[in-house]
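Here, each number is a calculation from the coordinates, and none is a lab measurement. For clarity, every value in this text was computed on a predicted model and none was experimentally measured. As a convention, Cβ positions derive from the backbone with ideal geometry for all residues, glycine included, and neighbour counts pool all protein chains shown.
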Amino acid sequence: MPELPEVEVLVRHLDPLLRGKRIRGVTVGRAKIVRPETSATLADRLVGATFGATTRRAKYLLFDLRHGTRSEPFSVVGHLGMTGRMFLQPASAPLPKHTAVSIDLGEQRFVFEDQRCFGRFNLDRAPLAELGPEPLSDDFTADAFSEALGRSSQAVKVKLLDQSLVAGIGNIYASEALFLAGISPLRRARSLGREEIGRLRDRVREVLADAIRFGGSVPLDWSGAGKGHALFYYGAKETGPATRSAEERFAVYGRDGEPCTRCSGEVVRCVQAGRSTFHCPRCQLA
Ligand SMILES: [Zn+2]
């Protein structure tokens, strides 16, 4: 599943490619993806509009659009779900089998492909209102983080995935940040001391920034099934040099049974709230 760094890398890739391009047509292949819009209402709103900036909020992609300079700008809200991919391809190339939305830009097409169909591409901004601060912004302060964690009796790992606490942290980077901070994922959020919370905040930011830097440096193939997955499945056992080097960057994620990189103890996997957690019980005392 794509996490914040993958979405950020994708946004930086798409922004210059889409900016200034005019939408000539919209074809919806999976109606579920554009709800509450229908294929017709989405096309009606989008055709004729020109792309402005493409930005990110948590794991959402925001595509700014406007019809001429005198009209009000508006945004399409996109989300990759579990298996979504977005890329540009030549207009003459055949569309992928699981094309959810295809946007005609003239010589090129902007394609949203989504095999499992958990993604979204519509005009509904409601989900954005429920999001907590961006982890890489100045809004994510140790004070706010401390206040939110202090109220919770949930395990800190589970709480880190709460998008209203801090937006965009997913399963991979929650395990990684807790390992780097030396904090057990099993501890209750409110048991963390002030210094630990400050450390965890810093490691969350560090692990995400590192992944974005890394993702931006990987040579990617944005089209073509399988090959393109190198970006979105950093942790998956895909073949290919880009994915392998990505996996090697994880300290604990997906490394259960392997020796800890710090103490040589064994990394263990457990399940919290239905999701896998990886940690070193020696370096991260409960
Ligand atoms: Zn260890």
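So the values come out like this:
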item	result
The chain: C-alpha pair distances exceeding 33 Å, %	27
The chain: relative contact order as a whole-number percent, Cα under 8 Å and 6+ apart	16
Rel. contact order, % - alpha carbon contacts under 8 angstrom, at least six apart, the range 87-209	21
Mean Cβ neighbour count within 10 Å, used as a protection proxy, ranking 104-115, 143-154, 4-15, 194-205 highest first	4-15, 104-115, 194-205, 143-154
Mean Cβ count within 10 Å, highest first, over the residues of peptides 118-126, 164-172	164-172, 118-126
Debye intensity ratio I(q)/I(0), log10, the range 4-127, q values 0.21 Å⁻¹ (C-alpha model)	-1.34
